[in-house]
Amino acid sequence: MSSSDTSAVPSRILVTSALPYANNNIHLGHLFEAVQTDVFVRYHRLRGRTVRYVCADDTHGTPIELAALRQKISPEQLVEQTQKEHMRDYAGFNISFDIFYTTNSEENRKYAELIYQKLKENDLIIEKEISQYYCEHDKRFLPDRFIIGKCPRCKAEKQYGDVCESCGATYDPTEMGEPKCIICNNAPVLKQSRHLYVQLKKCESFLREYINGTDALQEDIRNFVTSWIDDGLREWCISRDGPYFGFRIPGTENKFFYVWLDAPIGYISSTDRYCKDHGERVEDYWGSGSDTQIVHFIGKDIVYFHALFWPVMLKNANFNLPSKIFVHGFLNIEGEKMSKSRGTFILAKDYLEKVNHPQAPEFLRFYFASKQMPNTGDADLNKSELLTKTATTLANNIGNLHHRTFVFCDRYFEKKIPDAYWDESVATIVEEAGREIASYYEKCELKSVVEKIHALGSLGNKYYQDSAPWEQMKTDPQKAAVVMVTCVNLIKALAVFLKPITPEITGSIERQLGLILKWEDHTFSLKNKPLGVTDKIVKPFEEADLDQVFAAASQSKNQQENSGTSGLIDINHFKTVDLKIAVVKSAEKVEKSSKLLKLQVELGKETRQIIAGIAAHYKPEDIIGKQVVVVANLKPATLFGLTSEGMLLAAQNSGGELVLLHPAKPVTSGVKVG
């Protein structure tokens, strides 16, 4: 799929995103990959190609068991509940799966057992005896996450048995200090246990041929994986001791498949389930003789599994191999790694709930696409850049061209596209751009797609402005008609090119044109046609729309800038914050907002307006006359069109209730705190 030539396209394309783990909510890092995958899928659908987009929840393993234990529910209940939440969050961003399934299925069990049996038949499975921690109280071997103790590197306490969350070190559980069972808090003992391993070394020649003899991997990833092979392929343990939430290994009493064996098999089992439900054959996708192209989208942290383990599993079970594995980098927030402790961990549902804008999901899709290229460089989600990019391209460029053109047709041509022929020079430019954009989509160079779309929008606005159709209507209305027909067709082309990225914005243009656009509709074709009701296709973000969802990340960024890496500030930094006592003189609800109150507060001799997000916790009449603590030197901000000249200080209790801070005794209004 490196060419826009349709003859190079296979009869079927099967596309997957990495399976999200079922012990947590979907966050924007998941969405970064899902948007990239979805745009690729929607492009191929737009071309009329047979493409299936399959995904599933990764449901097995120790973290699932542990999360269910903490919630006092069964693992099955946890994964069922999580799947519903994942599907809800993905749907909120228009991720168009053909099926979103689960690895905790009979189909997945069947294929896991089949692949295991084929690995055995090909003499790739061996048994080895190893030492593991065993809890004599709970009568079970303890996986990494069921052990807590001291990190062997930094000595931090209460760390898991595989990684230290304090210093980031990874280690074997036997290296820990003072290990304890997470269930009963007793010290475990070391016991011998036999486990099953895949001898990857025996598959070295196949892996070298697959990695270096195909275009499956990007060049940087190909070199990376080749270096792993050069360093020597280690045996891969595929078993875990029971109890374990997963599939029991046939022929064993208490051994279960390691989650990373059955997780990628979810790609096959999800396809199987889809085929059963839609009268298709799974062999047409995964059979070794199939001409289906299998395309995976994954993060750079799971390349090892997808580029080494997975091809070995598929080859030995006589399944179709991936044609392409697009590997992307991580998503950072405001220049910081995604981190719960730093406030830079944004959930998909929080973005959907906290960004009060009807096109918020579309705008995030567009922003992500503007960052995405087939490489492993990390991307940054930046509030100011999100505001600027969406306003610059979607509102001020394409939205402006659309509105001025359609309003002109409404006013001067009776709500119709005029009966005239378009400017052929513009039509030629658009056709050439279409071929270029198609090649970018095929290679998943979405950043280049967005840049080319922006350039075409700029061309259209310049053409409109230079042609001055408002002047032509006075002297030669037919020339103005040519301009309108040209601009309408250019807008149609832009809608086609944007459709995989922003399907709802394109949908608005489709309704106004009375068309369902396909890829070939980017060529000029419209004239002498009625138009639907003209509506603005884009409403720009206001900064206040994003304040709530980015608040924690912005605060973390400011703290990092002020305090270096220590997380501490000195007295001089503290003195820069001007905290004062104020008296609330009046309070009222902000129209069309369920969260904001408009306050007038007295700060000594001056009165200020503060817009505070406390309406869910305080009635206006309850705080009038109260003394509060105010950040008095905060830059003014605009919320719902109202200027806020400060911020109230509040604490949040364990139930999520906001509690305003008050002085213990009445003090003079305007006095400084500190």
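Are any residues in the range 21-51 assigned to a strand (DSSP E or B) and either among the polar types (S, T, N, Q) or closer than 22 Å to Ile437 by Cα (or both), and if so, which ones?
The answer is Val51, and nothing else.
Please report, ordered by residue number, the helices (runs of 4 or more DSSP H) entirely within the range 320-390 with at least 1 residues that are polar (S, T, N, Q).
In the range 320-390, the matching helices (runs of 4 or more DSSP H) lie at 383-389.
How many residues are out of contact with any Leu (no Cβ under 9 Å at 6 or more places or on another chain), at pLDDT 95 or above, aromatic (Phe, Trp, Tyr) and assigned to a helix (DSSP H, G or I) when one looks only at the range 272-309?
1
Looking for something out of contact with any strand residue (DSSP E or B) (no Cβ under 7 Å at 6 or more places or on another chain), touching a residue at least 12 places away in the same chain (Cβ under 8 Å) and within 30 Å of Gln117 (Cβ to Cβ) - is there at least one such residue anywhere in the range 167-181?
Taking every residue of the range 167-181 in turn, none turns out to be out of contact with any strand residue (DSSP E or B) (no Cβ under 7 Å at 6 or more places or on another chain), touching a residue at least 12 places away in the same chain (Cβ under 8 Å) and within 30 Å of Gln117 (Cβ to Cβ).
Say we look at the range 579-603 and pick out the residues that are surrounded by fewer than 16 Cβ atoms within 10 Å (Cβ to Cβ) and modelled with pLDDT under 85; which of these is farthest from the chain's Cα centre (by Cα)?
Restricting to residues being surrounded by fewer than 16 Cβ atoms within 10 Å (Cβ to Cβ) and modelled with pLDDT under 85, the top hit is Glu591.
Check the range 139-148 and report whether any residue there is farther than 30 Å from Glu442 by Cα, in a strand (DSSP E or B) and under 32 Å from the mean Cα position of the chain (by Cα).
Yes, the range 139-148 has at least one match.
Where residues in the range 203-244 are assigned to a loop (DSSP other than H, G, I, E, B), of a type in the set (A, V, I, L, M, F, W, C) and in contact with a strand residue (DSSP E or B) (Cβ under 8 Å, 6 or more places away or on another chain), which of them is surrounded by the most Cβ atoms within 10 Å (Cβ to Cβ)?
That would be Ile238.
Okay, residues lined up against (1) free of Cβ contacts under 8 Å to residues at least 40 places away in the same chain; (2) more than 15 Å from Pro418 (Cα to Cα):
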| site | (1), (2) |
| --- | --- |
| Ala455 | yes, yes |
| Asn461 | no, yes |
| Lys479 | yes, no |
| Val483 | no, no |
| Lys499 | no, yes |
| Ile505 | no, yes |
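Within the range 96-138, which residues are part of a strand (DSSP E or B), modelled with pLDDT under 95 and surrounded by 15 or more Cβ atoms within 10 Å (Cβ to Cβ)?
Within the range 96-138, Gln132, Tyr133, Tyr134, Cys135 meet the criteria.
Each row is one residue, and each column tells you yes or no for (1) closer than 28 Å to Phe541 by Cβ; (2) crowded, with 18+ Cβ neighbours inside 10 Å.
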{"site": "His306", "(1), (2)": "no, yes"}
{"site": "Leu321", "(1), (2)": "no, no"}
{"site": "Phe330", "(1), (2)": "yes, no"}
{"site": "Lys337", "(1), (2)": "yes, no"}
{"site": "Phe345", "(1), (2)": "yes, yes"}
{"site": "Phe366", "(1), (2)": "yes, yes"}
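Given the structure, is Asp220 assigned by TED's automatic domain parsing to the domain that holds Val295, charged (D, E, K, R) and modelled with pLDDT under 90?
In short, yes.
Do any residues in the range 658-674 that are farther than 21 Å from Arg608 by Cα have Cβ atoms under 9 Å from those of residues that are of a type in the set (Phe, Trp, Tyr) and part of a loop (DSSP other than H, G, I, E, B), where the two are at least six apart or on different chains, and which pairs are they?
Partner pairs satisfying both residue conditions: Leu658/Tyr618.
Check whether at least one residue in the range 52-67 is at pLDDT 95 or above, assigned to a loop (DSSP other than H, G, I, E, B), of a type in the set (Gly, Ala, Ser) and in the same structural domain as Asp262 (by TED's automatic domain parsing), and report yes or no.
no
Mind counting the residues in the range 463-477 that are without any contact (Cβ under 8 Å) to a residue 60 or more places away in the chain and surrounded by 16 or more Cβ atoms within 10 Å (Cβ to Cβ)?
Counting residues in the range 463-477 that are without any contact (Cβ under 8 Å) to a residue 60 or more places away in the chain and surrounded by 16 or more Cβ atoms within 10 Å (Cβ to Cβ) gives 3.
Are any residues in the range 383-396 polar (S, T, N, Q) and crowded, with 19+ Cβ neighbours inside 10 Å, and if so, which ones?
Thr390, Thr393
Of the conditions (1) within 30 Å of the chain's Cα centre (by Cα); (2) within 21 Å of Lys201 (Cα to Cα), Asp230 satisfies every one except a single condition; which number is it?
It fails just one condition, (1).
Of the conditions (1) within 23 Å of Phe541 (Cα to Cα); (2) among the basic types (Lys, Arg); (3) surrounded by fewer than 17 Cβ atoms within 10 Å (Cβ to Cβ), Lys499 clears all except one; give me its number.
For Lys499, the exception is condition (3).
Counting only residues that are free of Cβ contacts under 8 Å to residues at least 60 places away in the same chain and touching a Ser or Thr at 6+ places or on another chain (Cβ under 9 Å), which one in the range 77-99 is nearest to His357 (Cα to Cα)?
Of everything passing the filter in the range 77-99, Phe97 is nearest to His357 (Cα to Cα).
With the condition kept exactly as written, say whether any residue in the range 282-293 is at negative phi, β-branched (Val, Ile, Thr) and either in contact (Cβ under 8 Å) with a residue 60 or more places away in the chain or in the same structural domain as Leu446 (by TED's automatic domain parsing) (or both).
yes
How many of the residues in the range 46-65 are surrounded by fewer than 20 Cβ atoms within 10 Å (Cβ to Cβ) and in contact (Cβ under 8 Å) with a residue 40 or more places away in the chain?
4
The values are calculated or read from the model by the stated rules, or taken from the named source; none is laboratory data. From a predicted model like this one, the values you see are computed outputs, not experimental measurements. Using ideal geometry, Cβ is built from the backbone for each residue, glycine included, and neighbour counts are taken over all protein chains shown.
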